[in-house]
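Visitor: One structure, pasted below without further comment.
The values are calculated or read from the model by the stated rules, or taken from the named source; none is laboratory data. Everything quoted here is computed from the prediction, not taken from an experiment. With ideal geometry, Cβ positions are generated from the backbone for all residues, glycine too; neighbour counts draw on all protein chains shown.
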Amino acid sequence: MLNKISFLTMKVAKLVFAATFATIFCNVAAAKDINISSNLQQAIDDAQVGDRLVLAAGTYYGPINIDKSISIVGTEDTIIKGNDVGNVITVTGSHISLSNFTVTGSGLLLETQDSGVFLSKQASDIEVRNLKILNNLIGVYVWGAKNAIVADNVIRGRQDMRVNERGNGVQLWNSPGAIVENNDIQFGRDGIFTTTNKKNIYRNNYIHEVRFAIHYMYTNDSVVENNISEGNTIGFAIMFSKNVKVINNKSIDDDDRGILFNYANGVKIIGNQVYAKNNPNAANKCLFIYNSNGNEIKQNYFANCEIGVHFTAGSEKNIIQNNAFVNNQTQVKYVGTKWIDWSADGVGNYWSDNSAFDLDGNGIADNLYRPNDLTDQILWRYPAAKLLINSPAVQVLRWAQSAFPALHPGGVVDSAPLMKIPTNVGISKSE
(Lines give C-alpha, C1' and ligand atoms only; values in the text may rest on other atoms or scores of the structure.)
Protein backbone atom coordinates (compact mmCIF):
# COMPACT_ATOMS: atom_id res chain seq x y z
CA MET A 1 0.00 0.00 0.00
CA LEU A 2 2.81 2.41 0.95
CA ASN A 3 4.63 1.63 -2.28
CA LYS A 4 1.47 2.37 -4.29
CA ILE A 5 1.01 5.71 -2.45
CA SER A 6 4.66 6.65 -3.01
CA PHE A 7 4.35 5.81 -6.71
CA LEU A 8 1.21 7.94 -7.05
CA THR A 9 2.85 10.82 -5.16
CA MET A 10 5.86 10.77 -7.47
CA LYS A 11 3.61 10.60 -10.52
CA VAL A 12 1.58 13.60 -9.36
CA ALA A 13 4.77 15.55 -8.59
CA LYS A 14 6.09 14.87 -12.08
CA LEU A 15 2.83 15.98 -13.63
CA VAL A 16 2.83 19.19 -11.58
CA PHE A 17 6.45 19.91 -12.53
CA ALA A 18 5.71 19.25 -16.21
CA ALA A 19 2.68 21.52 -16.12
CA THR A 20 4.64 24.30 -14.39
CA PHE A 21 7.50 24.00 -16.87
CA ALA A 22 5.08 24.07 -19.81
CA THR A 23 3.42 27.20 -18.43
CA ILE A 24 6.74 28.98 -18.01
CA PHE A 25 7.88 27.86 -21.45
CA CYS A 26 4.70 29.12 -23.07
CA ASN A 27 4.97 32.45 -21.27
CA VAL A 28 8.61 32.93 -22.34
CA ALA A 29 7.79 31.84 -25.89
CA ALA A 30 5.05 34.46 -25.97
CA ALA A 31 7.34 37.21 -24.58
CA LYS A 32 7.43 40.40 -26.61
CA ASP A 33 8.56 44.02 -26.67
CA ILE A 34 5.89 46.38 -25.35
CA ASN A 35 6.19 50.13 -25.95
CA ILE A 36 5.14 52.16 -22.92
CA SER A 37 4.42 55.88 -22.71
CA SER A 38 2.38 56.10 -19.48
CA ASN A 39 1.21 54.20 -16.37
CA LEU A 40 4.31 52.09 -15.87
CA GLN A 41 3.03 50.14 -12.85
CA GLN A 42 -0.06 49.03 -14.77
CA ALA A 43 2.13 47.90 -17.65
CA ILE A 44 4.26 45.87 -15.22
CA ASP A 45 1.16 44.27 -13.69
CA ASP A 46 -0.14 43.33 -17.17
CA ALA A 47 3.20 42.06 -18.51
CA GLN A 48 3.97 38.37 -19.03
CA VAL A 49 7.14 36.60 -17.96
CA GLY A 50 9.94 37.50 -20.35
CA ASP A 51 8.33 40.67 -21.71
CA ARG A 52 10.51 43.69 -22.41
CA LEU A 53 8.94 47.02 -21.52
CA VAL A 54 10.39 49.79 -23.70
CA LEU A 55 9.84 53.21 -22.13
CA ALA A 56 9.53 56.29 -24.30
CA ALA A 57 11.17 59.55 -23.22
CA GLY A 58 9.31 61.25 -20.39
CA THR A 59 8.67 61.00 -16.66
CA TYR A 60 7.02 57.95 -15.07
CA TYR A 61 5.88 58.34 -11.48
CA GLY A 62 6.52 55.82 -8.76
CA PRO A 63 6.80 54.06 -6.49
CA ILE A 64 7.22 51.03 -8.78
CA ASN A 65 7.10 47.37 -7.70
CA ILE A 66 8.44 44.54 -9.90
CA ASP A 67 7.66 40.94 -8.96
CA LYS A 68 8.01 39.05 -12.26
CA SER A 69 10.75 38.18 -14.74
CA ILE A 70 10.71 41.12 -17.16
CA SER A 71 13.08 43.74 -18.56
CA ILE A 72 12.55 47.49 -18.42
CA VAL A 73 14.52 49.59 -20.89
CA GLY A 74 14.42 53.36 -21.30
CA THR A 75 16.21 56.14 -23.13
CA GLU A 76 18.52 58.95 -22.10
CA ASP A 77 15.44 61.10 -21.49
CA THR A 78 13.42 58.54 -19.52
CA ILE A 79 12.91 59.32 -15.81
CA ILE A 80 11.27 57.20 -13.12
CA LYS A 81 10.50 59.57 -10.27
CA GLY A 82 9.43 58.61 -6.76
CA ASN A 83 7.18 60.59 -4.45
CA ASP A 84 9.93 61.31 -1.88
CA VAL A 85 8.68 58.49 0.36
CA GLY A 86 10.27 55.01 0.57
CA ASN A 87 11.84 53.39 -2.49
CA VAL A 88 11.46 54.52 -6.08
CA ILE A 89 11.77 50.98 -7.48
CA THR A 90 11.34 47.84 -5.35
CA VAL A 91 12.26 44.46 -6.87
CA THR A 92 10.93 41.23 -5.36
CA GLY A 93 11.05 38.89 -8.39
CA SER A 94 13.85 37.06 -10.16
CA HIS A 95 15.59 37.36 -13.53
CA ILE A 96 14.80 41.06 -13.92
CA SER A 97 16.77 43.63 -15.91
CA LEU A 98 16.67 47.42 -15.51
CA SER A 99 18.61 49.62 -17.93
CA ASN A 100 18.97 53.02 -19.62
CA PHE A 101 16.89 55.44 -17.58
CA THR A 102 17.12 57.86 -14.64
CA VAL A 103 15.92 57.06 -11.12
CA THR A 104 15.27 59.84 -8.60
CA GLY A 105 12.96 60.84 -5.76
CA SER A 106 13.43 58.33 -2.92
CA GLY A 107 12.51 59.06 0.67
CA LEU A 108 15.09 60.30 3.18
CA LEU A 109 14.77 57.86 6.09
CA LEU A 110 17.70 55.56 6.84
CA GLU A 111 15.58 53.49 9.23
CA THR A 112 13.32 52.43 6.33
CA GLN A 113 16.29 52.00 3.92
CA ASP A 114 14.85 54.42 1.36
CA SER A 115 16.55 53.74 -1.97
CA GLY A 116 16.46 54.57 -5.63
CA VAL A 117 16.54 50.85 -6.47
CA PHE A 118 15.84 48.33 -3.70
CA LEU A 119 16.52 44.64 -4.38
CA SER A 120 14.76 42.67 -1.65
CA LYS A 121 15.78 39.33 -0.17
CA GLN A 122 13.02 37.66 -2.22
CA ALA A 123 14.78 38.76 -5.42
CA SER A 124 17.55 36.97 -7.30
CA ASP A 125 19.50 37.28 -10.55
CA ILE A 126 18.79 40.99 -11.00
CA GLU A 127 20.70 43.27 -13.36
CA VAL A 128 20.82 47.03 -12.74
CA ARG A 129 22.80 48.49 -15.61
CA ASN A 130 23.47 51.84 -17.26
CA LEU A 131 21.14 53.86 -15.03
CA LYS A 132 21.50 57.39 -13.72
CA ILE A 133 20.59 57.15 -10.04
CA LEU A 134 20.44 60.72 -8.79
CA ASN A 135 19.73 62.40 -5.44
CA ASN A 136 18.29 59.41 -3.65
CA LEU A 137 19.12 58.58 -0.05
CA ILE A 138 20.64 55.17 -0.95
CA GLY A 139 21.43 54.64 -4.61
CA VAL A 140 21.08 50.86 -4.94
CA TYR A 141 20.41 48.64 -1.92
CA VAL A 142 21.00 44.92 -2.49
CA TRP A 143 19.18 43.65 0.60
CA GLY A 144 19.63 39.89 0.57
CA ALA A 145 19.14 39.45 -3.18
CA LYS A 146 21.38 36.73 -4.61
CA ASN A 147 23.52 37.05 -7.75
CA ALA A 148 22.80 40.73 -8.36
CA ILE A 149 24.75 42.76 -10.92
CA VAL A 150 25.07 46.53 -10.46
CA ALA A 151 27.12 47.80 -13.38
CA ASP A 152 27.86 50.82 -15.60
CA ASN A 153 25.73 53.21 -13.54
CA VAL A 154 26.21 56.86 -12.62
CA ILE A 155 25.24 57.29 -8.96
CA ARG A 156 25.08 60.70 -7.30
CA GLY A 157 24.16 60.85 -3.62
CA ARG A 158 22.79 63.65 -1.49
CA GLN A 159 24.85 66.73 -0.64
CA ASP A 160 22.20 68.65 1.30
CA MET A 161 22.42 66.52 4.46
CA ARG A 162 25.03 65.87 7.14
CA VAL A 163 27.34 63.00 6.22
CA ASN A 164 25.95 60.58 8.82
CA GLU A 165 22.40 61.26 7.61
CA ARG A 166 23.22 60.39 4.01
CA GLY A 167 22.92 56.97 2.42
CA ASN A 168 25.52 55.01 0.48
CA GLY A 169 25.95 54.79 -3.27
CA VAL A 170 25.63 51.00 -3.35
CA GLN A 171 24.81 49.12 -0.15
CA LEU A 172 24.79 45.34 0.21
CA TRP A 173 23.67 43.06 3.01
CA ASN A 174 23.77 39.25 2.94
CA SER A 175 23.85 39.17 -0.87
CA PRO A 176 26.18 36.38 -2.03
CA GLY A 177 27.31 36.40 -5.63
CA ALA A 178 26.87 40.16 -6.10
CA ILE A 179 29.00 41.96 -8.69
CA VAL A 180 29.40 45.74 -8.52
CA GLU A 181 31.49 47.04 -11.40
CA ASN A 182 32.17 49.99 -13.70
CA ASN A 183 30.11 52.45 -11.68
CA ASP A 184 30.83 56.16 -11.21
CA ILE A 185 29.83 57.01 -7.62
CA GLN A 186 29.95 60.47 -6.07
CA PHE A 187 28.58 62.21 -2.95
CA GLY A 188 26.44 60.59 -0.25
CA ARG A 189 28.14 58.77 2.64
CA ASP A 190 30.17 55.73 1.46
CA GLY A 191 30.61 54.74 -2.15
CA ILE A 192 30.12 51.00 -1.62
CA PHE A 193 29.19 49.64 1.81
CA THR A 194 29.02 45.89 2.30
CA THR A 195 28.13 44.09 5.52
CA THR A 196 27.48 40.48 6.51
CA ASN A 197 28.36 39.30 3.03
CA LYS A 198 30.43 36.78 1.10
CA LYS A 199 31.57 35.85 -2.40
CA ASN A 200 31.22 39.32 -3.91
CA ILE A 201 33.24 41.17 -6.56
CA TYR A 202 33.79 44.94 -6.54
CA ARG A 203 35.85 46.06 -9.52
CA ASN A 204 36.55 48.93 -11.92
CA ASN A 205 34.51 51.50 -9.98
CA TYR A 206 35.44 55.17 -9.80
CA ILE A 207 34.44 56.60 -6.41
CA HIS A 208 34.99 60.22 -5.43
CA GLU A 209 33.95 62.84 -2.85
CA VAL A 210 32.51 60.42 -0.28
CA ARG A 211 33.55 59.30 3.21
CA PHE A 212 34.86 55.76 2.52
CA ALA A 213 35.20 54.65 -1.10
CA ILE A 214 34.71 50.95 -0.29
CA HIS A 215 33.75 50.00 3.26
CA TYR A 216 33.83 46.35 4.36
CA MET A 217 32.17 45.03 7.51
CA TYR A 218 31.92 41.27 8.17
CA THR A 219 32.40 40.48 4.47
CA ASN A 220 34.46 37.43 3.54
CA ASP A 221 35.84 35.59 0.51
CA SER A 222 35.52 38.57 -1.82
CA VAL A 223 37.50 40.63 -4.34
CA VAL A 224 38.17 44.39 -4.50
CA GLU A 225 39.97 44.99 -7.78
CA ASN A 226 40.93 47.85 -10.13
CA ASN A 227 38.88 50.49 -8.32
CA ILE A 228 39.88 54.16 -8.11
CA SER A 229 39.22 56.15 -4.95
CA GLU A 230 39.90 59.86 -5.36
CA GLY A 231 39.39 62.77 -2.99
CA ASN A 232 37.63 60.77 -0.27
CA THR A 233 38.25 60.68 3.48
CA ILE A 234 39.38 57.03 3.35
CA GLY A 235 39.96 54.89 0.29
CA PHE A 236 39.55 51.21 1.14
CA ALA A 237 38.46 50.18 4.64
CA ILE A 238 38.54 46.42 5.31
CA MET A 239 37.04 45.84 8.77
CA PHE A 240 36.10 42.65 10.64
CA SER A 241 36.54 40.63 7.44
CA LYS A 242 38.69 37.77 6.19
CA ASN A 243 39.94 36.16 2.98
CA VAL A 244 39.59 39.31 0.90
CA LYS A 245 41.72 40.15 -2.14
CA VAL A 246 42.46 43.87 -2.54
CA ILE A 247 44.26 44.01 -5.87
CA ASN A 248 45.40 46.78 -8.26
CA ASN A 249 43.35 49.59 -6.71
CA LYS A 250 44.33 53.27 -6.54
CA SER A 251 43.85 55.72 -3.69
CA ILE A 252 44.53 59.22 -5.00
CA ASP A 253 44.43 62.33 -2.78
CA ASP A 254 42.36 60.62 -0.08
CA ASP A 255 42.55 62.73 3.08
CA ASP A 256 43.00 60.40 6.04
CA ARG A 257 43.99 56.86 5.00
CA GLY A 258 44.49 55.16 1.68
CA ILE A 259 44.01 51.58 2.89
CA LEU A 260 42.79 50.67 6.37
CA PHE A 261 42.80 47.27 8.11
CA ASN A 262 40.81 46.79 11.29
CA TYR A 263 40.45 43.22 12.56
CA ALA A 264 41.06 41.97 9.01
CA ASN A 265 42.68 38.56 8.63
CA GLY A 266 43.94 36.53 5.69
CA VAL A 267 43.71 39.52 3.35
CA LYS A 268 45.88 39.96 0.26
CA ILE A 269 46.85 43.58 -0.46
CA ILE A 270 48.68 43.32 -3.77
CA GLY A 271 49.57 45.78 -6.52
CA ASN A 272 47.80 48.84 -5.08
CA GLN A 273 48.85 52.48 -5.29
CA VAL A 274 48.31 55.14 -2.63
CA TYR A 275 49.64 58.59 -3.48
CA ALA A 276 48.98 62.30 -3.78
CA LYS A 277 48.49 63.77 -7.25
CA ASN A 278 47.11 67.29 -6.85
CA ASN A 279 47.50 67.63 -3.09
CA PRO A 280 51.01 66.88 -1.76
CA ASN A 281 50.94 64.90 1.47
CA ALA A 282 47.16 64.45 1.08
CA ALA A 283 46.90 61.21 3.01
CA ASN A 284 47.64 61.29 6.70
CA LYS A 285 48.48 57.58 6.48
CA CYS A 286 48.98 55.55 3.30
CA LEU A 287 48.33 52.27 5.12
CA PHE A 288 46.89 51.68 8.59
CA ILE A 289 46.98 48.20 10.15
CA TYR A 290 45.21 47.58 13.45
CA ASN A 291 44.95 44.18 15.12
CA SER A 292 45.05 42.34 11.78
CA ASN A 293 46.79 39.01 11.27
CA GLY A 294 48.05 36.67 8.56
CA ASN A 295 47.86 39.20 5.74
CA GLU A 296 50.01 39.54 2.61
CA ILE A 297 51.03 43.07 1.63
CA LYS A 298 53.09 42.95 -1.56
CA GLN A 299 53.92 44.99 -4.66
CA ASN A 300 52.21 48.16 -3.41
CA TYR A 301 53.27 51.77 -3.93
CA PHE A 302 52.86 54.11 -0.95
CA ALA A 303 53.95 57.70 -1.57
CA ASN A 304 53.73 61.29 -0.29
CA CYS A 305 51.88 60.53 2.96
CA GLU A 306 52.58 61.94 6.39
CA ILE A 307 53.02 58.32 7.55
CA GLY A 308 53.74 55.53 5.08
CA VAL A 309 52.35 52.77 7.29
CA HIS A 310 50.98 52.94 10.82
CA PHE A 311 51.38 49.44 12.23
CA THR A 312 49.93 48.66 15.64
CA ALA A 313 50.90 46.06 18.18
CA GLY A 314 48.59 43.06 18.12
CA SER A 315 49.04 42.48 14.39
CA GLU A 316 50.89 39.22 13.85
CA LYS A 317 52.20 37.01 11.02
CA ASN A 318 51.84 39.60 8.29
CA ILE A 319 54.09 39.41 5.23
CA ILE A 320 55.15 42.90 4.07
CA GLN A 321 57.48 42.54 1.12
CA ASN A 322 58.39 44.01 -2.26
CA ASN A 323 56.58 47.31 -1.61
CA ALA A 324 57.82 50.83 -2.34
CA PHE A 325 57.65 53.51 0.38
CA VAL A 326 58.44 56.78 -1.36
CA ASN A 327 58.74 60.34 0.01
CA ASN A 328 56.62 59.75 3.10
CA GLN A 329 57.40 62.18 5.92
CA THR A 330 57.59 59.22 8.32
CA GLN A 331 57.93 55.87 6.63
CA VAL A 332 56.73 53.68 9.52
CA LYS A 333 55.02 54.38 12.80
CA TYR A 334 55.19 51.38 15.09
CA VAL A 335 55.13 51.59 18.87
CA GLY A 336 56.00 48.25 20.41
CA THR A 337 58.81 46.30 22.02
CA LYS A 338 58.94 43.32 19.63
CA TRP A 339 61.22 43.17 16.61
CA ILE A 340 59.36 42.67 13.33
CA ASP A 341 61.28 41.95 10.13
CA TRP A 342 59.58 43.19 6.97
CA SER A 343 61.39 40.95 4.53
CA ALA A 344 60.91 37.39 3.36
CA ASP A 345 63.17 34.96 1.52
CA GLY A 346 65.92 37.56 1.31
CA VAL A 347 63.73 40.26 -0.27
CA GLY A 348 62.47 43.33 1.58
CA ASN A 349 61.01 46.66 0.49
CA TYR A 350 62.19 49.86 -1.14
CA TRP A 351 62.61 52.91 1.14
CA SER A 352 63.29 56.24 -0.56
CA ASP A 353 65.12 57.64 2.49
CA ASN A 354 67.49 54.70 2.84
CA SER A 355 70.99 55.97 2.11
CA ALA A 356 72.67 52.62 1.63
CA PHE A 357 75.35 50.92 -0.43
CA ASP A 358 75.14 47.80 -2.55
CA LEU A 359 78.76 46.82 -3.01
CA ASP A 360 78.01 43.36 -4.40
CA GLY A 361 75.43 44.71 -6.88
CA ASN A 362 72.69 42.23 -6.01
CA GLY A 363 69.97 44.88 -5.63
CA ILE A 364 69.84 44.44 -1.84
CA ALA A 365 71.31 47.07 0.46
CA ASP A 366 74.36 45.96 2.41
CA ASN A 367 72.90 47.11 5.75
CA LEU A 368 69.49 46.57 7.24
CA TYR A 369 67.03 49.47 7.40
CA ARG A 370 65.41 50.76 10.59
CA PRO A 371 62.49 53.10 9.81
CA ASN A 372 62.09 54.29 13.40
CA ASP A 373 64.24 54.62 16.48
CA LEU A 374 63.88 55.39 20.17
CA THR A 375 63.59 59.12 19.48
CA ASP A 376 60.67 58.54 17.11
CA GLN A 377 58.86 56.44 19.70
CA ILE A 378 59.29 59.14 22.37
CA LEU A 379 57.86 61.74 20.01
CA TRP A 380 54.86 59.51 19.13
CA ARG A 381 54.09 58.85 22.79
CA TYR A 382 54.71 62.44 23.92
CA PRO A 383 54.01 64.86 21.02
CA ALA A 384 54.99 67.88 23.15
CA ALA A 385 58.57 66.58 23.03
CA LYS A 386 58.77 67.79 19.40
CA LEU A 387 59.84 71.15 20.89
CA LEU A 388 63.14 69.47 21.81
CA ILE A 389 63.75 67.80 18.44
CA ASN A 390 66.86 69.92 17.73
CA SER A 391 68.14 70.02 21.28
CA PRO A 392 71.59 68.65 22.18
CA ALA A 393 69.98 65.94 24.34
CA VAL A 394 68.02 64.49 21.41
CA GLN A 395 71.05 64.65 19.14
CA VAL A 396 73.13 62.77 21.73
CA LEU A 397 70.37 60.13 21.97
CA ARG A 398 70.39 59.61 18.18
CA TRP A 399 74.20 59.33 18.17
CA ALA A 400 74.13 56.83 21.03
CA GLN A 401 71.68 54.58 19.18
CA SER A 402 73.80 54.57 16.06
CA ALA A 403 76.93 53.76 18.07
CA PHE A 404 75.28 51.16 20.30
CA PRO A 405 72.55 49.23 18.39
CA ALA A 406 71.54 47.40 21.58
CA LEU A 407 69.84 50.62 22.68
CA HIS A 408 67.17 50.15 20.01
CA PRO A 409 63.88 49.35 21.78
CA GLY A 410 62.47 46.99 19.19
CA GLY A 411 60.25 47.79 16.24
CA VAL A 412 60.24 47.34 12.50
CA VAL A 413 63.38 46.39 10.65
CA ASP A 414 63.93 45.48 7.01
CA SER A 415 66.88 43.12 6.82
CA ALA A 416 66.95 43.05 2.99
CA PRO A 417 65.96 46.53 1.79
CA LEU A 418 65.75 47.00 -1.97
CA MET A 419 67.94 49.52 -3.77
CA LYS A 420 65.37 50.32 -6.48
CA ILE A 421 61.61 50.45 -6.76
CA PRO A 422 60.52 46.96 -7.92
CA THR A 423 59.29 46.88 -11.51
CA ASN A 424 56.12 45.04 -10.50
CA VAL A 425 55.00 47.59 -7.89
CA GLY A 426 51.41 48.71 -8.42
CA ILE A 427 50.65 45.88 -10.82
CA SER A 428 49.46 42.38 -10.01
CA LYS A 429 47.90 39.52 -11.92
CA SER A 430 44.56 38.44 -10.53
CA GLU A 431 44.41 34.90 -9.29
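Visitor: Consider Arg158 against the criteria (1) in contact (Cβ under 8 Å) with a residue 24 or more places away in the chain; (2) in a strand (DSSP E or B); (3) not polar (S, T, N, Q): it satisfies all of them except one. Which criterion is unmet?
Guide: Just one mismatch for Arg158, condition (2).
Visitor: Of all residues in the stretch 274-285, count the ones that are crowded, with 21+ Cβ neighbours inside 10 Å and either at pLDDT below 95 or over 19 Å from Thr312 (Cβ atoms) (or both).
Guide: Result for the stretch 274-285: 4.
Visitor: Tally time: how many residues in the stretch 343-362 are in contact (Cβ under 8 Å) with a residue 60 or more places away in the chain, of a type in the set (A, V, I, L, M, F, W, C) and over 14 Å from Gly308 (Cα atoms)? So that I can check it myself, show each step before the final result.
Guide: So in the stretch 343-362, the residues in contact (Cβ under 8 Å) with a residue 60 or more places away in the chain come out as 343, 346-351, 354, 356, 358.
Next, from what is left, pick out any that are of a type in the set (A, V, I, L, M, F, W, C): 347, 351, 356.
Adding the requirement that they be over 14 Å from Gly308 (Cα atoms) leaves 347, 356.
Total meeting the criteria: 2.
Visitor: Looking at the stretch 111-125 only, could you name the residues that are of a type in the set (A, V, I, L, M, F, W, C) and either over 21 Å from the mean Cα position of the chain (by Cα) or in a loop (DSSP other than H, G, I, E, B) (or both)? Walk me through how you get there before you give the answer.
Guide: Initial filter on the stretch 111-125 (of a type in the set (A, V, I, L, M, F, W, C)): 117-119, 123.
The one that is of a type in the set (A, V, I, L, M, F, W, C) and either over 21 Å from the mean Cα position of the chain (by Cα) or in a loop (DSSP other than H, G, I, E, B) (or both): Ala123.
Visitor: Another question about this same structure. Assuming Trp339 fulfils every condition listed in (1) surrounded by fewer than 16 Cβ atoms within 10 Å (Cβ to Cβ); (2) free of Cβ contacts under 8 Å to residues at least 60 places away in the same chain; (3) among the aromatic types (Phe, Trp, Tyr) apart from one, which condition is it?
Guide: (2)
Visitor: Got a sec? Which of Asn243, Asn248 is surrounded by 18 or more Cβ atoms within 10 Å (Cβ to Cβ) and either in contact with a helix residue (DSSP H, G or I) (Cβ under 9 Å, 6 or more places away or on another chain) or outside the structural domain of Val180 (by TED's automatic domain parsing) (or both)?
Guide: Numbers: Asn243 fails: surrounded by 18 or more Cβ atoms within 10 Å (Cβ to Cβ).
Residue meeting the stated conditions: Asn248.
Visitor: Checking the structure you have, find out if any residue of the stretch 29-51 is among the basic types (Lys, Arg), over 30 Å from Arg189 (Cα atoms), buried (at least 17 other Cβ atoms within 10 Å of the Cβ) and more than 29 Å from the chain's Cα centre (by Cα).
Guide: Looking through the stretch 29-51, none of the residues is among the basic types (Lys, Arg), over 30 Å from Arg189 (Cα atoms), buried (at least 17 other Cβ atoms within 10 Å of the Cβ) and more than 29 Å from the chain's Cα centre (by Cα).
Visitor: Which count do you get for residues in the stretch 290-308 that are modelled with pLDDT under 95, assigned to a strand (DSSP E or B) and under 17 Å from Phe261 (Cα atoms)?
Guide: Residues meeting the conditions: 3.
Visitor: A further question follows. Check whether at least one residue in the stretch 207-224 is of a type in the set (S, T, N, Q), buried (at least 18 other Cβ atoms within 10 Å of the Cβ) and over 13 Å from the mean Cα position of the chain (by Cα), and report yes or no.
Guide: no
Visitor: Would you check if Val347 is in contact with a Leu (Cβ under 6 Å, 6 or more places away or on another chain), surrounded by 12 or more Cβ atoms within 10 Å (Cβ to Cβ) and at pLDDT 80 or above? Spell out the reasoning first.
Guide: Working: in contact with a Leu (Cβ under 6 Å, 6 or more places away or on another chain): no; surrounded by 12 or more Cβ atoms within 10 Å (Cβ to Cβ): yes; at pLDDT 80 or above: yes.
Spelling it out, it is not the case that Val347 is in contact with a Leu (Cβ under 6 Å, 6 or more places away or on another chain), surrounded by 12 or more Cβ atoms within 10 Å (Cβ to Cβ) and at pLDDT 80 or above.
Visitor: Which is in contact (Cβ under 8 Å) with a residue 12 or more places away in the chain, β-branched (Val, Ile, Thr), part of a loop (DSSP other than H, G, I, E, B) and closer than 24 Å to Asn39 by Cβ, of Val85, Val128? Give the derivation first.
Guide: Details: Val128 fails: part of a loop (DSSP other than H, G, I, E, B).
Only one candidate passes the filter, namely Val85.
Visitor: Given the criteria under 23 Å from Gly144 (Cα atoms), modelled with pLDDT of 95 or more and hydroxyl-bearing (Ser, Thr, Tyr), does Ser241 qualify?
Guide: Yes; evaluated as a whole, the condition is true for this residue.
Visitor: Could you grab me the full set of residues in the stretch 88-125 that are buried (at least 16 other Cβ atoms within 10 Å of the Cβ), closer than 12 Å to Gly144 by Cα and either outside the structural domain of Gly167 (by TED's automatic domain parsing) or not hydrophobic (A, V, I, L, M, F, W, C) (or both)?
Guide: Once the filter is applied, which keeps residues that are buried (at least 16 other Cβ atoms within 10 Å of the Cβ), closer than 12 Å to Gly144 by Cα and either outside the structural domain of Gly167 (by TED's automatic domain parsing) or not hydrophobic (A, V, I, L, M, F, W, C) (or both), the stretch 88-125 yields Thr92, Ser120, Ser124, Asp125.
Visitor: When you look at Ser69, is it in the same structural domain as Asn183 (by TED's automatic domain parsing), at pLDDT 95 or above, in a loop (DSSP other than H, G, I, E, B) and buried (at least 22 other Cβ atoms within 10 Å of the Cβ), yes or no? Walk me through it before giving the result.
Guide: Numbers: in the same structural domain as Asn183 (by TED's automatic domain parsing): yes; at pLDDT 95 or above: yes; in a loop (DSSP other than H, G, I, E, B): yes; buried (at least 22 other Cβ atoms within 10 Å of the Cβ): no.
No: the conditions fail for Ser69.
Visitor: Right, another one. Answer yes or no: is there a residue in the stretch 240-249 that is assigned to a strand (DSSP E or B) and in contact (Cβ under 8 Å) with a residue 60 or more places away in the chain.
Guide: Within the stretch 240-249, the subset assigned to a strand (DSSP E or B) is 242, 244-247.
Among the residues that remain, those that are also in contact (Cβ under 8 Å) with a residue 60 or more places away in the chain are: 245, 247.
Looking for residues that are assigned to a strand (DSSP E or B) and in contact (Cβ under 8 Å) with a residue 60 or more places away in the chain, one finds at least one in the stretch 240-249, hence yes.
Visitor: I want to confirm something. Restricting to the stretch 309-336 and keeping residues that are in contact with a Gly (Cβ under 6 Å, 6 or more places away or on another chain), assigned to a loop (DSSP other than H, G, I, E, B) and buried (at least 20 other Cβ atoms within 10 Å of the Cβ), which single residue is modelled with the lowest pLDDT?
Guide: By that ranking, first place goes to Tyr334.
Visitor: Something else: Ile234: among the β-branched types (Val, Ile, Thr) and surrounded by fewer than 18 Cβ atoms within 10 Å (Cβ to Cβ), yes or no? Give the steps one after another, and end with the answer.
Guide: On the way: among the β-branched types (Val, Ile, Thr): yes; surrounded by fewer than 18 Cβ atoms within 10 Å (Cβ to Cβ): no.
No; evaluated as a whole, the condition is false for this residue.
Visitor: Restricted to the stretch 152-200, and to residues that are hydrophobic (A, V, I, L, M, F, W, C) and surrounded by fewer than 19 Cβ atoms within 10 Å (Cβ to Cβ), which residue is nearest to Arg211 (Cα to Cα)?
Guide: Narrowing the stretch 152-200 to residues hydrophobic (A, V, I, L, M, F, W, C): 154-155, 161, 163, 170, 172-173, 178-180, 185, 187, 192-193.
Those left that are additionally surrounded by fewer than 19 Cβ atoms within 10 Å (Cβ to Cβ): 154, 161, 163, 179.
Details: Val154: 18, Met161: 13, Val163: 8, Ile179: 22 Å.
Filtering first and then ranking leaves Val163.
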